[in-house]
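Scroll down for the structure; my scribbles are underneath it.
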Amino acid sequence: NLPPSAPVLFASRGSALMRWAARQLWKRCRRVLVPDTTWPPYARILEEQRFASGGAVVPVAIRESVQSGELSARECVAHLANTYLRHNCDGLFFAAVSHDGVCVPASPLLAVLREHERVQCSVIDGAQEFAHLPVDLKATTCDIWIGGAHKWLGGHQPLGITCFANPDSAGGLHQSLIGEAHADDDPLLRFLQFLERHPVRDVLETVNIAPIFST
């Protein structure tokens, strides 16, 4: 369920879009809340990109409390929001559903934080919720939502997907992918941008487009 005219982009690998998303996050934010439900490879990408910005990760532990039933969904949102505000965060990254099944209610959490006008950039890893749970980006309005199609629909090959659900930031984020700011020069993304008549820097390499067809 996407907002009207929300840009949706495809790349050969979700990790390429994740690296790009991490750079956008650190360009806009100084203190980023990151729960312990983050997929470890993505946590490493966040940390790698953080060094260039001088920003700080604010970790918060929720996994064990949610899995044990100690924290309800409402209490989880309250705990994350309170930690975010108490530590003067201005950005956040989290998995809507972690790789081991912990759900974070994205829409209620972002609604609380946006009331305080303290969110410069929000990035959601939707890889584990995509096609498993309802995804309502109209309600969530995160700045960057990333996922992939290789775990469903017999996709067989990796395909990274990102959506800019927040109309206030979508234009600037979309523009950052054009020209010098490709998602790590991902060949599939560059090819699709070429088809959309976006400028490219030089000739294109051979591109595997099979994931697009299976999706």
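Distance from a point 7 Å along Cα→Cβ of residue 99 to each backbone N in the stretch 19-41: keep the residues under 11 Å and list them by number.
Those under the cut-off are 38-41.
So if I take the alpha carbon set of the stretch 51-150, get Rg, then get Rh from the Kirkwood formula, what is the Rg over Rh ratio?
Values: Rg = 13.4 Å, Rh = 14.2 Å.
Rg/Rh: 0.95.
Based on Cα positions only, what radius of gyration and what Dmax would you give for the chain, in angstroms?
16.9, 55
So what is the accessible area of the chain per residue, in Å², with the probe set to 1.4 Å?
On the way: 10350 Å² over 215 residues.
I get 48 Å² per residue for this part.
Taking GluC sites (Glu not before Pro) as exposed when DSSP calls them loop (any state but H, G, I, E, B) and at most 13 other Cβ atoms lie within 10 Å, what is the longest stretch of the chain free of them, the sites themselves excluded?
118-195
At 1.4 Å probe size, what's the solvent-accessible area of residue 141? Round to the nearest 10 Å².
Solvent-accessible area, nearest 10 Å²: 40 Å².
Subtract the Cα-Cα distance of residue 195 and residue 88 from 0.36 nm times their separation in residues, and report this length gain in nm to one decimal.
Here the answer is 34.3 nm.
Can you run phi through the Karplus equation (6.51, -1.76, 1.60; θ = phi - 60°) for the stretch 76-81 and list ³J(HN,Hα) in whole Hz, with x for Gly and Pro?
Once θ is set to phi - 60°, the couplings for the stretch 76-81 become 5, 4, 4, 5, 5, 5 Hz.
5 Å is the cut-off here: which amide hydrogens, built 1.01 Å from N in the peptide plane, fall below it relative to residue 30, excluding neighbours closer than 5 in sequence?
Result for residue 30 returns 90.
Can you pull a Stokes-Einstein diffusion coefficient for the stretch 1-111 at 25 °C (0.890 mPa s), Rh from Kirkwood over Cα pairs, as a whole number of µm²/s?
Roughly 164 µm²/s, to the nearest whole number.
Could you please state how large a percent of the accessible area of the chain is carbon and sulfur, counting protein chains only and using a 1.4 Å probe?
About 54 percent, which is the carbon plus sulfur part of the accessible surface.
At 222 nm, what helix-only mean residue ellipticity would the chain give, in deg cm²/dmol to the nearest 500, using -39500 (n - 2.57) for each DSSP H run of four or more?
After summing the helix terms and dividing by the residues of the chain, the value is -11500 deg cm²/dmol.
The values are calculated or read from the model by the stated rules, or taken from the named source; none is laboratory data. Everything numeric in this text was worked out from a predicted model, so none of it was measured. Cβ: placed from backbone, ideal geometry, glycine included. Neighbour counts: every protein chain shown. Protein only, heavy atoms only, side chains kept; ligands, DNA and RNA dropped before computing areas. Shrake-Rupley method; radii C 1.70, N 1.55, O 1.52, S 1.80 Å.
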